[in-house]
Amino acid sequence: MAKKQKMQAPQKFLAFFMAFVLLIGIASVVTISQSQTNTESHASTATLSTTITYTISKGWNAVAFPFALPADIALKINKPINIMAYDILTTNEANNNSQYSELDGLTYGQWNPSAFFDTPDQIGLTGKNFPLVPGYGYIMNSDVSGTIQVSGVIPTTPITVQLQNGWNIIGIPNGQAGSQASDVLYNLVKAGFPVADLELDQLVNGQWQKYTLGQNQYNAVNDFAITNAQSYALYVYTGGSWTESIYPYPKGLKATKKNTSPSTNVLVMPSN
């Protein structure tokens, strides 16, 4: 039997080096795989979740929350969950040291439901902790200015809302970039609401600024941009169901429906 040769020092070093390279290569593959998995997971979350920064002014603000699910639970459950009114009020208190804030919806011309955060009167959170539903809008009163961030999943399909006779507060979660007030009213006309009975207002410095299409044609006066984080006051003479699909208004279109009962009402804000 031939005697086994003893491995020389250079051969030992080469064998050790090759084993080390192989070990590092295996470790690198595992790390990359984990990184790709994490990246894919984060990418899915980023795709589904959106964070909106709200600039809150002292006094009244018109706000909408276009989220179907809060971001932290959006990927964990399979049922509709909404952000709640108390979530917004406590965030305003935590971020901006607000001592008093209020959030209201509009139901049949009355400012309710309502939620409050009241520190001076040592009440804390009170009122109804109601869900903030995409497609509907709200008004928020704050004793301080500042910013809050809200995260959640914005629905990709059009939202259907039930409009009441008279004034409604709406949000437009799926408004396209560049959408205008005229586009919203045009889509209401397409849905069968009489053109001359429609009015859409935005809140400017605590006052509602009016926009109408006009009885005969597109009206450029006071037309304004639509965002999904702001709410708007919408007047309809006859209520009904509306699916909020927003398509650009053809500016040369002539209105064909006659004026029956134009809006002469003014939406009054709640008393402080």
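The values are calculated or read from the model by the stated rules, or taken from the named source; none is laboratory data. Here the structure is a predicted model, which means the values were calculated and not measured. We place every Cβ from the backbone using ideal geometry, glycine too, and count neighbours over all the protein chains shown.
Summary of values
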item: Of all residues in the stretch 175-212 being modelled with pLDDT under 80 and either within 17 Å of Val63 (Cα to Cα) or out of contact with any strand residue (DSSP E or B) (no Cβ under 9 Å at 6 or more places or on another chain) (or both), the one that is surrounded by the fewest Cβ atoms within 10 Å (Cβ to Cβ); result: Ala177
item: Test for Thr256: is it surrounded by fewer than 20 Cβ atoms within 10 Å (Cβ to Cβ), modelled with pLDDT of 90 or more and part of a loop (DSSP other than H, G, I, E, B); result: no
item: Per-region count, the stretch 40-68, residues in a strand (DSSP E or B) and at pLDDT 90 or above; result: 12
item: Any hit, the stretch 108-117, residues being over 20 Å from Tyr232 (Cα atoms) and outside the structural domain of Trp208 (by TED's automatic domain parsing); result: yes
